[in-house]
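A.B. asks: Please find one structure pasted underneath; my questions will follow.
The values are calculated or read from the model by the stated rules, or taken from the named source; none is laboratory data. The structure presented is a predicted model; accordingly, all values stated were derived computationally and were not measured. A quick note on method: Cβ atoms are made from the backbone with ideal geometry, for glycine too, and the neighbour counts reach across all protein chains shown.
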Amino acid sequence: MLIILSVDFVQAILNATDKPDPPTDVRVDVFGNTTKISWIIPNNRGITWSRIYLYNLKEGRVDLDLRRERTDHADIRFPISSFEIANLKMCSKYNVSIRFLHRPRASELTIKTFWITTTPKLTFRPEHPFIGNDITFTCNSVVHLCPRNISSDLSFKFLGNERGDTNKNTLTIHALAKSDKGIQISCQAIDDLGKVFYLSDTVTLDPYYSPEKVVLDHGSTSINVTENSTLGPIHCTAACNPICTYQWKYNGTGHFEQVESSLLSNQNQTLTVTHIKRSQNGAYRCHVDYYQNHTYKMSEVAINVQYGPDRIILEPASTQIHVVEGTTLGPIHCTAACNPECKYQWEYNVAGRFELVPIELVSNQSRTLTVPQIKRSQTGTVRCHVANYFSQINKTVDVTINVQSFECPTKGISGMFGVGIATLVVGLGALISAITFFLVKRVKTKNVRPNESAGYNEVQRSNPVFTDSYSTLQSNPESRPIQDPSWDIYEECGIAPDVSTYENFENRS
């Protein structure tokens with residue numbers, strides 16, 4: 001009978017009957033009071049477990065599996081290939097045996113003998129080195145009086161050292177840099193048989209350094225913020241080791257004062273001002289102190305709180321203005337508190353919509369409105385419009401203009417006063433003429449005595465004061481053309497005296 005077996009099946013039979021290779025490169029590392037035993041698995045070949053035995057050659061079996069009673073071994077599931085045990089006795093000799101389990105067979109044992117001596121101690125100086133300084137590590141190890149087959153001739157190796165000078169049991173790293181922070185240095189003492197590797201504790205490099213500069217995350221020396229909004233958060237950072245202390249100061253009155261603690265967070269590194277007010281405008285300074293070498297740095301930012309307009313102020317304050325036609329309206333000043341300065345414009349209502357006032361009527365950066373020779377057609381509403389394009393706030397105020405046409409009392413009185421003076425002069429002249437004439441006639445009457453009734457009648461007929469002169473004072477009516485409206489209030493309200501009156505008076509006198 002011919003039986004044909006596949007190659008895979010044959011290989012499976014061979015694997016099942018062949019012993020696995022034993023562990024290799026068994027190593028003992030001692031870290032303080034902890035001993036780590038490790039090994040290498042040459043190939044898995046179906047290996048599922050590693051079994052480890054440990055014996056103290058004086059005291060016997062060492063229990064490795066504390067979960068079970070009276071066990072002389074510990075089973076480690078593949079692929080783990082190490083085992084740690086604490087508190088092995090100083091100057092004691094141990095045998096460690098390791099084999100691989102592979103059903104139905106197991107590998108041969110690999111046995112290693114080792115001694116426990118004092119763990120090396122790693123020291124360094126200075127204790128707190130600064131950037132740019134040197135640091136020196138020293139690895140010290142003292143072997144106890146163990147059996148004489150343990151050599152006290154140890155060699156040393158520094159682990160984690162990528163640069164630096166080694167001399168026997170010392171290591172010197174020159175000119176520490178920030179990049180050295182976090183490097184872990186340890187030393188290893190190796191016996192002359194190369195059986196045990198004693199490791200010191202690990203020292204992590206942590207060089208000190210003071211701040212070179214202070215950084216505000218906003219990245220600008222000035223910040224614009226709208227009133228009642230939130231300023232920040234502004235983070236202040238500085239590279240310090242150990243960390244610096246932070247404080248914020250504010251200059252709003254000419255000198256710096258501490259910022260309220262309620263505005264700070266993150267160990268005073270962060271500034272946040274909610275509902276900021278215009279009174280909080282000014283310079284804010286982050287002050288960084290480094291007490292290790294008594295240095296400090298600072299960085300400053302100018303906060304510009306933009307606001308307004310809250311309300312518009314008119315001067316004069318009235319929103320109802322009455323003005324006489326032909327006079328000057330204004331100046332009307334329009335102002336508002338703004339930061340930055342607001343933009344102003346005057347508008348007037350034309351046919352139900354507002355249009356810009358002609359540029360020649362405004363001045364003082366468009367804050368002031370002046371309308372000379374105002375006309376009745378300009379009766380209506382003018383509007384001052386104030387805009388802050390940064391805070392996006394706009395305000396307006398309307399002023400109603402009522403242009404009236406009537407004789408102004410002051411100018412009318414001046415005209416009447418002029419006419420009264422002229423009339424008074426003419427009257428006095430006439431009175432003097434009459435008195436003179438009467439006296440002359442009376443002298444003549446004494447020399448020639450006419451009939452009384454006839455003399456009276458003659459006087460009545462020939463008295464120039466009450467006939468010719470009186471009639472001369474009465475200006476003859478004449479037709480005058482209707483004058484065009486005038487923008488000059490003085491021409492419209494004033495009364496010019498009749499020059500002919502003065503001429504006739506002089507002739508009569």
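A.B. asks: For the condition in the same structural domain as H385 (by TED's automatic domain parsing), out of contact with any His (no Cβ under 7 Å at 6 or more places or on another chain), surrounded by 18 or more Cβ atoms within 10 Å (Cβ to Cβ) and outside any strand (DSSP E or B), what is the one hit in G326, G330? I'd like the intermediate steps shown before the answer.
C.D. replies: Numbers: G330 fails: outside any strand (DSSP E or B).
Answer to the check: G326.
A.B. asks: Suppose the filter is hydroxyl-bearing (S, T, Y), crowded, with 18+ Cβ neighbours inside 10 Å and more than 20 Å from N388 (Cα to Cα); does T274 pass it? Walk me through how you get there before you give the answer.
C.D. replies: Details: hydroxyl-bearing (S, T, Y): yes; crowded, with 18+ Cβ neighbours inside 10 Å: no; more than 20 Å from N388 (Cα to Cα): yes.
Spelling it out, it is not the case that T274 is hydroxyl-bearing (S, T, Y), crowded, with 18+ Cβ neighbours inside 10 Å and more than 20 Å from N388 (Cα to Cα).
A.B. asks: Inspect all residues belonging to segment 103-112 and state whether any of them is at pLDDT below 85, closer than 30 Å to C187 by Cβ and surrounded by fewer than 13 Cβ atoms within 10 Å (Cβ to Cβ).
C.D. replies: No: segment 103-112 contains no residue that is at pLDDT below 85, closer than 30 Å to C187 by Cβ and surrounded by fewer than 13 Cβ atoms within 10 Å (Cβ to Cβ).
A.B. asks: Let me ask you something else. If G182 satisfies every condition in (1) within 30 Å of A283 (Cβ to Cβ); (2) touching a strand residue (DSSP E or B) at 6+ places or on another chain (Cβ under 8 Å) but one, which is the exception?
C.D. replies: Unmet condition: (1).
A.B. asks: In addition: Restricting to segment 237-280, and then to whatever is assigned to a loop (DSSP other than H, G, I, E, B), of a type outside the set (S, T, Y) and touching a residue at least 40 places away in the same chain (Cβ under 8 Å), can you tell me which residue is nearest to K213 (Cα to Cα)?
C.D. replies: In the first step, residues of segment 237-280 are kept if they are assigned to a loop (DSSP other than H, G, I, E, B); the result is 239-240, 242-244, 252-255, 259-260, 266-269, 274-277.
From what's left, of a type outside the set (S, T, Y): 239-240, 242-244, 252, 254-255, 259-260, 266-269, 275-277.
This time we only want the ones that are touching a residue at least 40 places away in the same chain (Cβ under 8 Å), so: 239-240, 242, 244, 275-277.
On the way: A239: 8, C240: 10, P242: 15, C244: 12, H275: 30, I276: 28, K277: 30 Å.
Looking at the filtered set, the residue picked out is A239.
A.B. asks: P358 is checked against (1) more than 17 Å from N388 (Cβ to Cβ); (2) loosely packed, with under 15 Cβ neighbours inside 10 Å; (3) at pLDDT 90 or above; (4) under 28 Å from the mean Cα position of the chain (by Cα) and fails just one. What number does that condition carry?
C.D. replies: (4)
A.B. asks: Just one of D18, D72 is at pLDDT below 85, in contact with a Phe, Trp or Tyr (Cβ under 8 Å, 6 or more places away or on another chain) and over 25 Å from Y198 (Cα atoms); which is it? Can you show your working first?
C.D. replies: Details: D18 fails: in contact with a Phe, Trp or Tyr (Cβ under 8 Å, 6 or more places away or on another chain).
Going through D18, D72 in turn, just one is at pLDDT below 85, in contact with a Phe, Trp or Tyr (Cβ under 8 Å, 6 or more places away or on another chain) and over 25 Å from Y198 (Cα atoms): D72.
A.B. asks: Among the numbered criteria (1) modelled with pLDDT of 85 or more; (2) surrounded by 13 or more Cβ atoms within 10 Å (Cβ to Cβ), which one does S391 miss?
C.D. replies: (1) is the only condition that S391 fails.
A.B. asks: Right, next: Would you mind stating whether L54 is more than 28 Å from L159 (Cα to Cα) and either modelled with pLDDT of 80 or more or exposed (fewer than 15 other Cβ atoms within 10 Å of the Cβ) (or both)?
C.D. replies: On the way: more than 28 Å from L159 (Cα to Cα): yes; either modelled with pLDDT of 80 or more or exposed (fewer than 15 other Cβ atoms within 10 Å of the Cβ) (or both): yes.
Yes: the conditions hold for L54.
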